[in-house]
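Structure, as structure tokens:
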Amino acid sequence: MKKNNIRLKGQLRLYMQWPIVMSVLLIAMNIWIYMVDKKAGAIMTVCIIIYMIVASVFYFYNRSLVFADLVEFAARYGIVQNTLLKELSVPYAILLEDGRILWMNDSFTELTQRKKNDKYITKLIPDLDTKTLPSKQADQVEKEITYKDRDYHVELRKVSVEGFSETEQLFDISEEKEFFVAVYMRDVTELNAYIRENEDQRFIAGLIYIDNYDEIMASVEEVRQSLLVALIDRKINKYIGDVDGVVKKLEKDKYFIVIKKKSFKQLQEDKFALLEEVKEVNIGNTSAPTLSIGLGLNTSTYAQSYNYARVAIDLALARGGDQAVIKDCNGITYFGGKKEQMAKNTRVKARVKAEALREFIIAKDQVIVMGHNISDADSLGACIGIYRAATELEKKAHIVINEITSSIRPLYDEIAKNPAYEKDLFLTSKEVEEYVTDNTMVVVVDCNKAMMTECPPLLKKAKTIAVLDHHRQSSNMIDNAVLSYIEPYSSSACEMVAEILQYIVEDIKLPSVEAECLYAGIMIDTRNFMNRTGVRTFEAAAFLRRCGANITRVRKMFRDDMESYRAKAEAVRMAEVYRKEFAISFCPGDIDSPTVLAAQAANELLDINGIKASFVMTEYNEKIYLSCRSIDELNVQLIAEKLGGGGHINAAGAQFPYTDMQKAIRVLKKTIDTMMEEGDI
């Protein structure tokens, strides 16, 4: 660099200009002295001239020396900077925007053991690929990686090339490059270890309930009941004690537990073996005891953990018990629940829910009833039952239904064409918006998921919502319901409605057409009373028969036409037997109500010897619908939940948001393989 191009700046420049400032000041003083005394002024003029000559000589002579010293200092300072950066104990490197290595300090070289032919960072550290590097949009990227069994926090910062002169460069950068990337790696192995240890020591609150306490107590002699309870207590205390947990018995069938998060991981690995261990307790009791477990995980306070545990245990009970439910801030996880629970013969719960529903209906001006989308006989029958309850209580009622499938058309036509019913009894989701007021009650039947109802926006507008369903409750349930009656023991929603109708209105008499709708729902969901039937199922059917339900007419309504029967037979013929126990098939989507046909084909496949579960898919409305069926050997609901669906232990379903049938089959097979390897099925 030429000397004439060197310019001083800042405080140093001001310091070097002090002689000029002093000269100006002395000249001003000399003029003032001249005005006082000319002789004294002349003497001072001579002194000022001598001062200016001496100052100029020293200024111009020392200027070159100062510049030389400054250049030498800058060079030494740059060398010190480069040395400190190169010997810095923290790994540091410079990359081009494509990941090519320009320079790295000694720590980075020692860490990566770089060789001469290693030109790109990805070859040294695979986790730092080109997608990780900062782009023109992102100036900085931070990432946690594991390298050579150590944890590192990597910071990649974009640095502009502009402003780097030739003397400042430690490396060569092409002129066309706009920026380079500075990489900084910080070893956080010990920090992460302390964080994990602290996380593992956090306490988790939980609740354990005995599902069928009254039933198992009634099944043994009175003198042996205390022994049965003691054996169950021992199983629970030993299981929790083995993981350094604490158990406190709250009531005769309820326990409060506290465990460490580290212990929870052990329970998770053995898939809560306590659920199966308790079933082995047998001192003559005819039914095995079952437990429900609820745990609250990943919370900031212990109070919140307990609240999560209460939500989890309620969900476990609503799903039929015999399972563990884990709730945290990210969602809900289920363990167990592989077997169907024994139906309860008591109707106390049905009576209590019926009285509560009656009070809500009386307090409202009108009632709107809806089931799930693509209604079936059970959904429509339950809607008709609630309509009758509201009518008997002298309230206006409407039913929301959008699509009339072949499975419900005979029932729908019977009601719609009957002059005894109002013309606006059935409404679509668009029409119902005009009927909603602040004093309207919405009753959802045969469904507990908001997005699966006929009109999800209706749930946000209504202030009073009741839910009646026989499907096992899921995590994305309708959460703003004032009344929730979820009974997974029931065979169908029509069975539940038939029961509560007898408590809502005394000596109620259903018209025969409505009784047939309810009876049809029970008959379809139970496959002609072959699946999931209990004492209360037949009692509900008997009540409907007394109301005038004609079994022969119902059977004729649900006969298949020849085209549908052939399509169903083709689905059965094309079925693939996977893993020697799973039947997988698909049926055409170009017929009327293909989803109903898929469910019927899945039921038919269960009649084949050796088949534990059947899965039939069909394309409908630009989606693939999956129907899952089993008898009692396998819980298809667990499989459906993995695929984003749900349902019952032996009847479930799911949807795929695409129309690639082969892809859907591959996903189903992979899910089955994974669940079998993990022991979930």
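The values are calculated or read from the model by the stated rules, or taken from the named source; none is laboratory data. Being a predicted model, the structure only gives us computed values, none of them experimental. Every residue, glycine as well, gets a Cβ built from its backbone with ideal geometry; the counts of neighbours run over all protein chains shown.
Looking at R532, is it assigned by TED's automatic domain parsing to the domain that holds Q366, outside any helix (DSSP H, G or I) and not β-branched (V, I, T)?
Considered against the rule, which asks whether it is assigned by TED's automatic domain parsing to the domain that holds Q366, outside any helix (DSSP H, G or I) and not β-branched (V, I, T), R532 comes out as yes.
When residues of region 388-411 are filtered for being surrounded by fewer than 20 Cβ atoms within 10 Å (Cβ to Cβ), in a helix (DSSP H, G or I) and of a type outside the set (S, T, N, Q), how many remain? So that I can check it myself, show each step before the final result.
Keep residues of region 388-411 that are surrounded by fewer than 20 Cβ atoms within 10 Å (Cβ to Cβ), which gives 391-396, 402-406, 409-410.
This time we only want the ones that are in a helix (DSSP H, G or I), so: 391-392, 409-410.
Those still in the list that are of a type outside the set (S, T, N, Q) too: 392, 409-410.
The number of residues fulfilling the criteria is 3.
Residues E269, E215, E221: which one is closer than 20 Å to G321 by Cα and not hydroxyl-bearing (S, T, Y)? Show your work before the answer.
Details: E269 fails: closer than 20 Å to G321 by Cα; E221 fails: closer than 20 Å to G321 by Cα.
Result of the check over E269, E215, E221: E215.
Give region 607-626 a look and list any residue that's surrounded by 24 or more Cβ atoms within 10 Å (Cβ to Cβ) and over 23 Å from the mean Cα position of the chain (by Cα), or say none.
Within region 607-626, A613, S614, F615, V616, M617, T618 qualify.
Every residue, every condition in (1) surrounded by 21 or more Cβ atoms within 10 Å (Cβ to Cβ); (2) small (G, A, S), yes or no:
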site	(1), (2)
T286	no, no
A312	yes, yes
L315	yes, no
G320	yes, yes
N330	no, no
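Would it be correct to say that A571 is assigned to a helix (DSSP H, G or I), under 19 Å from A654 (Cβ atoms) and of a type in the set (A, V, I, L, M, F, W, C)? Explain how you work it out, then say what you get.
Values: assigned to a helix (DSSP H, G or I): yes; under 19 Å from A654 (Cβ atoms): yes; of a type in the set (A, V, I, L, M, F, W, C): yes.
Yes, satisfied.
Is there any pair with a first residue in region 585-607 that is touching a residue at least 60 places away in the same chain (Cβ under 8 Å) and a second that is of a type in the set (F, W, Y) whose Cβ atoms are under 7 Å apart and which are 6 or more apart or on different chains, and what are they?
T595/Y620; T595/Y625
Checking I415 against (1) buried (at least 23 other Cβ atoms within 10 Å of the Cβ); (2) over 34 Å from the mean Cα position of the chain (by Cα): exactly one of these is not met. Which one?
(1)
Which count do you get for residues in region 562-592 that are out of contact with any helix residue (DSSP H, G or I) (no Cβ under 8 Å at 6 or more places or on another chain) and under 21 Å from I408 (Cβ atoms)?
5
Just to be sure before I move on: is I404 β-branched (V, I, T), modelled with pLDDT under 90 and closer than 15 Å to T428 by Cβ in the structure I sent?
Details: β-branched (V, I, T): yes; modelled with pLDDT under 90: yes; closer than 15 Å to T428 by Cβ: yes.
Yes; evaluated as a whole, the condition is true for this residue.
Conditions tested, residue by residue: (1) in contact with a helix residue (DSSP H, G or I) (Cβ under 8 Å, 6 or more places away or on another chain); (2) assigned to a strand (DSSP E or B); (3) in contact (Cβ under 8 Å) with a residue 12 or more places away in the chain; (4) polar (S, T, N, Q).
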site	(1), (2), (3), (4)
V616	yes, yes, yes, no
L626	yes, yes, yes, no
L634	no, no, yes, no
A654	yes, yes, yes, no
T659	no, no, yes, yes
